[in-house]
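These notes concern the structure reproduced below.
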Amino acid sequence: MNKQLEFKQRIFGLDVVRAIAIILVLFSHVYYLMDIHHPSIIALSGLLGFTGVELFFVLSGFLIGSILLKNYVEHNFTKKDLFVFLKRRWFRTLPAYYLVLLLNIVLALYMGYSLENVWRYFFFLQNFSAYYITIFSESWSLSIEEFTYILAPLFLFIIGKIWNYNRKISFLVCTLLLLLFFNSVRYFYYLNSSINDMDQWNTQLKLIVIYRADAIVIGFLVAWIHYYYGEFLKKYSVYLFIVAAHLYFLQFVVFNVYGFDIHTQPLYFRVLYFTLSGLTFAIGLPAFIYWDKSSFKVSKIITYISKLSYSMYLLHYSIITVLIKKMMKEGVLIVPGYLVVLIYFLATLFFSYLLYYFYERPVTQLRDK
């Protein structure tokens with residue numbers, strides 16, 4: 001991804017964000033692996049998973065937004081640029097996705113899971129406007145990313161044809177219009193539906209493409225400010241991170257203490273919750289954008305985890321966790337709980353290494369040729 005952003009070197013801070021995001025996502029599923037049913041642990045796991053995925057969304061938005069903005073401003077974003085962008089994104093994301101999808105289908109046949117709507121996964125329709133996910137649970141976020149990769153550049157291309165005289169402003173207007181559109185869609189949902197519990201909130205709103213694509217588009221705002229006002233952003237990046245930390249504490253601690261939930265604050269939880277979350281992570285991102293490199297001993301480990309993060313995300317839950325859980329239930333794996341967690345992390349790293357170095361990276365190198 002950093003090559004597409006055309007930085008002269010790998011940005012260590014962005015590797016840190018990826019590493020944090022994937023570690024949070026991995027930890028968020030430990031409760032399931034360990035059969036922990038305590039409400040507080042489940043709530044904390046949900047927060048960790050949400051934070052990790054939202055970090056991925058905003059970072060992805062910043063990276064592809066930077067690519068689009070550069071093409072939009074410097075090359076007028078022609079039809080050829082549009083197709084090159086889509087080709088590069090699809091080379092980066094689709095091959096590994098489809099390989100793991102096939103593995104999930106094989107595993108589902110073995111486990112006896114329903115494959116009634118499996119065709120939807122091939123077109124990322126398993127959670128486009130309604131929730132049809134029965135296998136490969138983590139694929140919900142990939143659907144959001146893929147449709148945003150199509151919608152955002154297509155909208156930019158159309159706007160560029162209509163409004164050609166000031167591309168700096170038109171890119172910003174395009175971004176704001178997309179954000180307004182998806183907030184309006186969520187508001188319309190708020191006016192015309194009811195949610196009675198968190199399961200409904202997840203499957204009817206949080207995990208649905210048409211309500212969540214703005215999570216990535218918010219990163220476009222950071223890309224725009226970074227491109228035009230980079231010195232300003234760099235100067236105040238630490239202060240912005242402090243603001244983001246306070247907003248995170250406000251949203252996920254203070255609001256909970258004051259009893260904010262889907263019943264007492266329905267407008268907030270169905271509309272504003274996602275907007276505030278995205279802005280919080282976007283405001284904190286500049287502190288990492290300007291963290292060029294690190295001499296820490298653990299920096300190589302962080303960069304390594306960052307490189308494997310996509311493969312880890314694809315494999316960690318519906319493949320690794322499900323198989324470990326099955327072996328535990330059948331008595332094949334009888335070890336203490338801490339060893340189960342260790343096996344989970346090591347297995348995820350090992351198989352992600354194989355997927356990345358022997359499949360994901362070679363296919364991505366084909367794209368560059």
Every residue from segment 88-105 that is of a type outside the set (S, T, N, Q) and touching a helix residue (DSSP H, G or I) at 6+ places or on another chain (Cβ under 7 Å): ARG88, ARG89, PHE91, ARG92, PRO95, ALA96, TYR97, LEU99, VAL100, LEU101, LEU103, ILE105
Those helices (runs of 4 or more DSSP H) lying entirely in segment 1-109 with at least 3 residues among the hydrophobic types (A, V, I, L, M, F, W, C): 12-27, 39-74
Filtered residues of segment 196-213 (kept if open to solvent by less than 10 Å² (accessible area, probe 1.4 Å) and either in contact with a Ser or Thr (Cβ under 7 Å, 6 or more places away or on another chain) or assigned to a loop (DSSP other than H, G, I, E, B) (or both)): ILE208, VAL209, ALA213
Positions within segment 249-264 being free of Cβ contacts under 8 Å to residues at least 24 places away in the same chain and in contact with a Leu (Cβ under 9 Å, 6 or more places away or on another chain), in sequence order: LEU250
Odd one out for TYR310 among (1) open to solvent by less than 60 Å² (accessible area, probe 1.4 Å); (2) closer than 30 Å to PHE220 by Cα; (3) of a type outside the set (Gly, Ala, Ser); (4) without any contact (Cβ under 8 Å) to a residue 40 or more places away in the chain: (4)
Some residue of segment 37-44 being within 16 Å of the chain's Cα centre (by Cα), open to solvent by 40 Å² or more (accessible area, probe 1.4 Å) and on the phi < 0 side of the Ramachandran plot: no
Residue that is surrounded by the fewest Cβ atoms within 10 Å (Cβ to Cβ), among those in segment 335-350 that are part of a helix (DSSP H, G or I) and without any contact (Cβ under 8 Å) to a residue 40 or more places away in the chain: TYR338
Test result for ASN183, among the polar types (S, T, N, Q) and under 20 Å from THR280 (Cβ atoms): yes
Tally of residues being under 17 Å from VAL53 (Cβ atoms) and assigned to a helix (DSSP H, G or I) across segment 118-149: 11
Output for segment 54-83, where each listed residue is open to solvent by 60 Å² or more (accessible area, probe 1.4 Å) and either under 17 Å from GLU146 (Cβ atoms) or under 18 Å from the mean Cα position of the chain (by Cα) (or both): PHE83
Cβ-Cβ under 8 Å pairs, at least 6 apart or on other chains, segment 159-186 side within 14 Å of ASN71 (Cα to Cα) and in a helix (DSSP H, G or I), far side open to solvent by 60 Å² or more (accessible area, probe 1.4 Å) and not polar (S, T, N, Q): LYS168/TYR228; SER170/TRP163
Residue pairs meeting the criteria (Cβ under 6 Å; at least 6 apart or on separate chains; first under 21 Å from TYR313 (Cβ atoms) and touching a residue at least 40 places away in the same chain (Cβ under 8 Å), in segment 96-119; second assigned to a helix (DSSP H, G or I) and among the hydroxyl-bearing types (Ser, Thr, Tyr)): ASN104/SER318
Meets criteria (of a type in the set (Lys, Arg) and closer than 20 Å to ARG367 by Cα) for ARG18: no
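Okay, residues lined up against (1) touching a Phe, Trp or Tyr at 6+ places or on another chain (Cβ under 7 Å); (2) surrounded by 13 or more Cβ atoms within 10 Å (Cβ to Cβ); (3) farther than 23 Å from VAL58 by Cα:
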| residue | (1), (2), (3) |
| --- | --- |
| TYR97 | no, yes, no |
| LEU103 | no, yes, yes |
| ILE133 | yes, yes, yes |
| GLU146 | yes, yes, no |
| ILE150 | no, yes, no |
| SER170 | yes, yes, no |
| ASN183 | no, yes, no |
Of the criteria (1) open to solvent by less than 10 Å² (accessible area, probe 1.4 Å); (2) within 17 Å of the chain's Cα centre (by Cα); (3) farther than 28 Å from ILE210 by Cβ, which one ILE324 fails: (2)
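The values are calculated or read from the model by the stated rules, or taken from the named source; none is laboratory data. Remember, it's a predicted structure, so these values are computed and weren't measured experimentally. In this analysis, Cβ positions are derived from the backbone assuming ideal geometry, glycine residues included, and neighbour counts consider all displayed protein chains. Surface accessibility is based on the protein's heavy atoms, side chains included, excluding ligands, DNA and RNA. Shrake-Rupley method; radii C 1.70, N 1.55, O 1.52, S 1.80 Å.
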